[in-house]
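K.L.:
Shown below is the structure under consideration.
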Amino acid sequence: MDLPLEESLFFAGRPEELALYEVFRARVAGRVGAFRVKVSKTQITFAVRYGFAFVSHPRRKQDRGILVTFGLSHRQASDRIQYASEPYPHRWTHHMLVGSEAEIDGELLDWIEEACGFSQIKGR
């Protein structure tokens, strides 16, 4: 996959994370279709109307992989989710460390697809 330069630079010096990101990005595109990508210093945002998925570097240096964040209307119970918070009523933010391509599976993509739909109605 030929990524735009700013996305590649976000992972400078982190080839394993870049490879995971490329798989994640491609699989999300296969699920939700077209979306915009915004790269900032600390994260990459996937958005249609609003942001629905966010990729960042793990917070702890010993963690390997990419940190995937997504929002849902409810708390998703799963051992795979490292942390979930409710910053606003009925708006749950979930953080999940993805350390291998196998973890970018149907379950995660279902959550991302749901988050994409939720992001399009949450502004109403």
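K.L.:
Using heavy-atom solvent-accessible surface (probe 1.4 Å) with all chains present, what is the largest-first order of 92, 111?
P.N.:
92, 111
K.L.:
In a shell of Cβ-Cβ distance under 10 Å around residue 37, excluding residue 37 itself, what net charge do Lys and Arg (+1) and Asp and Glu (-1) give?
P.N.:
That sum, taken over residues with Cβ under 10 Å, equals +1.
K.L.:
Using only the alpha carbon atoms of the chain, find the Kirkwood hydrodynamic radius as the inverse mean reciprocal pair distance, in angstroms to one decimal.
P.N.:
It works out to 14.6 Å.
K.L.:
How large a share of the accessible area of the chain, in percent, is made up of carbon and sulfur atoms when the probe is 1.4 Å and the other protein chains stay in place?
P.N.:
50
K.L.:
OK, next. Evaluate the relative contact order of the chain (contact order divided by residue number), counting alpha-carbon pairs under 8 angstrom at least 6 apart; express in whole percent.
P.N.:
23
K.L.:
Can you work out the accessible area per residue across region 53-124, with the rest of the protein chains kept in place, probe 1.4 Å, in square angstrom?
P.N.:
Heavy-atom SASA per residue in region 53-124 reads 56 Å².
K.L.:
What dipole magnitude, in Debye to the nearest 20, does the chain give about its Cα centre under +1 on Lys/Arg Cβ and -1 on Asp/Glu Cβ?
P.N.:
600
K.L.:
Is it possible to state the helix-based mean residue ellipticity at 222 nm for the chain, with each DSSP H run of 4+ residues giving -39500 (n - 2.57), the sum divided by total residues, to the nearest 500 deg cm²/dmol? What is it?
P.N.:
Theoretical 222 nm ellipticity from helices: -10500 deg cm²/dmol.
The values are calculated or read from the model by the stated rules, or taken from the named source; none is laboratory data. From a predicted model like this one, the values you see are computed outputs, not experimental measurements. All Cβ positions, even for glycine, are placed from backbone atoms using ideal geometry, and neighbour counts span all protein chains on display. The area values use the complete protein model at the heavy-atom level, side chains included, leaving out ligands, DNA and RNA. Shrake-Rupley method; radii C 1.70, N 1.55, O 1.52, S 1.80 Å.
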